[in-house]
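Nothing in this text is a laboratory measurement; each read-out follows from the coordinates by a stated rule. Note that the structure is a prediction, hence the values are computed from the model and not measured. Please note: Cβ atoms are built from the backbone with ideal geometry, for glycine as well, and neighbour counts cover all protein chains shown.
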Amino acid sequence: MTANEFLGQGAYYIYLISAVLFIFGLKQLSRVRTARRGNNLAAFAMLLAVIGTLLELKFAKGLDIDFRWILAGAIVGGVIGIVAALRVAMTSMPEMVALFNGSGGLASALVAAAVVWDQLILKDGLAPASAASNLGDGGITEAVSIVLSVLIGAVTLTGSVVAFLKLQGRLKKGAPIILPGRHVISLLLIVGAAASGIYFGFVGETADAYATGTIVLALVASILGVLLVIPIGGADMPVVVSLLNSYSGLAACAAGFVINNPLLIIAGSMVGAAGLILTNIMCVAMNRSLLNVLVGGFGVAEGASADHGEYEGVTSCDAEEAAMVLESARSVIVVPGYGLAVAQAQHVVRELADLLEARGTKVQYAIHPVAGRMPGHMNVLLAEANVPYDQLVEMDAINPEFRDTDVAIVLGANDVVNPAANNDPKSPIAGMPILDVEHARTVFVIKRSLSPGYAGIKNELFERDNTMMIFGDAKKVLNGLVNEFKELS
Amino acid sequence: MVIGALVISLYIFVLAMFVGFEVITKVPPTLHTPLMSGANAISGITIVGALTVAVYGELTAATALGGLAVLFATINVVGGFLVTDRMLRMFGRRDR
């Protein structure tokens, strides 16, 4: 065996090591203690994958690698990635993940498109035959994989961008956008995608036909991606981002079938499975089926109780009164929601909790599985403020405790504390598990206004006798509370 | 009968899906966001495909597409791992 053969074969063993490290990395990522190491391990596996690829191309396939395009792409992409990752605020993580996800999907689609141009369109002396037969042995698989890679990649891209805009509140403030006849349109688009895919792979017999098929497919898939996500309300975005994450894995997997690379198939399908699992966990948390989420239009549904009705008998108070109530409380449960993230109030809520604890009050945080815009969103934010881990209590564990709690502070959460989920079978959120804050002796709801949450419905909690609204930005209100408290003590 | 390359690839695909399901079934909610972000970074493995199509020197539509694929895959990989690490660093601080 020559040195070159040795290095060429070595590439495939490096792929194997890389695949094993990805598995260990993912495993460690799912445990708090080892998560950071797992992430580093996966990053190292990615480095190995890149080294293995270059060895394979140079020594196993005997290609003369020209590094100009690779370096240009890697440097520009690396700088964009570093700057974006380091500058994004913790509260905007979900948006960032959506964007990164979209760029991964785009890359997979581009890989397939590059293969089309390289192997078919720019190749001299091809017989006038279908793409599948011009691709040679395994051409049928390759053509199908190309179609899937472009389709899933493009859907991931535009779907992620729409999810990003919705999470930013730029697209109708995240509200669902329902087009008339959208199911028919979606169906037509799917048929259109299938038709252009078949035309590319098995019908068209010229370079122009291959190009047309690929471009039309990419366009149709892009529109489909937009259409699939716009009817879904902002509250369901975590599910969507997770599902799109799964898609981007599958797109990478399809690209793996195109270039016949086992590592791409392994890592891509693993991520596909991971995304599906997470998606399912989130759907269970909302007591809804995945289909129900994907059909969308949540919160604009017809139904008697989906009114944005006027509120009656709402009591509000200011920071001073609230501080007096808190002063005599022996147990307090904080219920954080997206409002906490928007107001960046995680540090000041910790400050208030410290003051309360100094007076001997028991402070806990009730974490709803879908509070915020991503599962675990609240945990990340509170961890940033050094809130002790054991004070964060999950929904099922904390719900029985509300009855014996003096004060519940709802911080920018809305739908996850709406009693209608339990009491009103006609409500769009009926059956969704909620935090039973209404059972606490006093409930403070810190909120900017009485506007509805993402489900777009009225929250009767705000009308309860034991509920006091404190209107304002969460951070400002909490700062006020902290100051009042310092004066009292 | 010789098992074809496609069949082997399908075996790999199906088995890797099972590995994915098994590895990630039990995750504390705290880690859902970092895990999603980390898995997302791993899906940047498509960089392997991008490198494969970006190796040629002359500027053609194919190499341009390949170069762009490298660019976007790198954003996914570098950004994804960094952002995950930023989140996880915060959990680490708890054990001071």
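Can you compute the helix-only [θ] at 222 nm over chain A? Use -39500 (n - 2.57) per DSSP H run of at least 4 residues, normalise by all residues, nearest 500 deg cm²/dmol.
Details: 18 runs with 278 residues, N = 489.
Rounded to the nearest 500, it is -18500 deg cm²/dmol.
Could you check how many percent of all C-alpha pairs in the protein assembly as shown are farther apart than 38 Å?
On the way: 59047 of 170820 pairs.
The answer is 35 percent, as a whole percent.
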Worksheet entry | Rg and Dmax [Cα atoms of the range A:93-295; Å; Rg one decimal, Dmax integer] | 17.5, 58
Response to the item:
extent check for the range A:1-65: Cα max minus min per principal axis, descending, whole Å, gives 45, 21, 12
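Relative contact order for chain A using alpha-carbon pairs under 8 Å, separation at least 6, rounded to a whole percent? Write down the numbers at each step before the final one.
Details: 846 pairs, mean separation 63.9, N = 489.
It comes to 13 percent, rounded to a whole number.
Roughly how big is the range B:1-95's charge dipole about its Cα centre, with Cβ charges of +1 (Lys, Arg) and -1 (Asp, Glu), in debye to the nearest 20? Can you show the working numbers first?
Values: 5 positive and 4 negative charges, 81 e Å.
Roughly 400 debye for the range B:1-95.
What dipole magnitude, in Debye to the nearest 20, does the range A:93-295 give about its Cα centre under +1 on Lys/Arg Cβ and -1 on Asp/Glu Cβ?
Numbers: 7 positive and 8 negative charges, 187 e Å.
Computed charge dipole of the range A:93-295: roughly 900 debye.
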Fill in: Peptide-level mean, for A:248-257, of C-beta atoms on other protein chains within 10 Å
6
Discussion item. Placing +1 on the Cβ of each Lys and Arg and -1 on the Cβ of each Asp and Glu in the protein assembly as shown, which of A:T442, B:L82, A:G105 has its Cα farthest towards the positive end of the resulting dipole?
Written reply: B:L82
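Which value results for Rg/Rh of the range A:319-488 when Rg is the Cα radius of gyration and Rh the Kirkwood radius based on the inverse mean 1/r? Could the numbers behind the result be given before it?
Working: Rg = 14.6 Å, Rh = 15.7 Å.
Rounded to two decimals, Rg over Rh is 0.93.
Expressed in nm to one decimal, what extension gain is obtained for the pair A:K123 and A:T34 from 0.36 nm per residue of sequence separation less their Cα-Cα distance?
That pair, A:K123 and A:T34, stretches by 27.1 nm at full extension.
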Item to complete: Calculate, for A:K27 and A:I82, the FRET efficiency according to 1/(1 + (r/R0)^6) with r their C-beta to C-beta distance and R0 25 Å; round to the nearest 0.05.
Response: 0.40
Worksheet item: Based on the Cβ-Cβ distance of B:E22 and A:I178, what FRET efficiency does E = 1/(1 + (r/R0)^6) give at R0 = 45 Å, to the nearest 0.05?
Response: 0.70
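Could you compute the longest span of chain A free of GluC sites (Glu not before Pro) located in DSSP loops and having at most 15 other Cβ atoms within 10 Å, not counting the site residues? Write out the running numbers ahead of the final one.
Numbers: sites that count: A:E302, A:E310, A:E312.
Result, exposed sites excluded: A:1-301.
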Worksheet entry | Total charge dipole magnitude, the protein assembly as shown, about the Cα centre, Cβ charges on Lys, Arg, Asp, Glu only, Debye to nearest 20 | 840
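So which of A:K458/A:K486; A:K426/A:K476; A:K362/A:K476; A:K27/A:K426; A:K426/A:K475; A:K166/A:K362 end up more than 32 Å apart, counting from Cα to Cα?
Values: A:K458/A:K486 35 Å; A:K426/A:K476 36 Å; A:K362/A:K476 23 Å; A:K27/A:K426 41 Å; A:K426/A:K475 35 Å; A:K166/A:K362 37 Å.
Check vs 32 Å cut-off fails for A:K458/A:K486; A:K426/A:K476; A:K27/A:K426; A:K426/A:K475; A:K166/A:K362.
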Worksheet item: Looking at A:I277, A:A358, A:A218, which one has the Cα that reaches farthest to the positive end of the dipole of chain A (charges on Cβ: Lys, Arg +1; Asp, Glu -1)?
Response: A:A218
Worksheet entry | Approximate spin-label separation A:Y311-A:D137, in nm, with each point projected 7 Å along Cα-to-Cβ | 7.1
Worksheet item: What is the average number of partner chain Cβ atoms found within 10 Å of a Cβ in A:384-393?
Response: 2
Response to the item:
Taking alpha-carbon centroids only, the range A:313-388 lies from the range B:3-74 a number of Å equal to 40
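Grab the beta carbon distance between B:L15 and A:V325, set R0 = 41 Å, and tell me the FRET efficiency rounded to 0.05.
Here the calculated transfer efficiency is 0.10.
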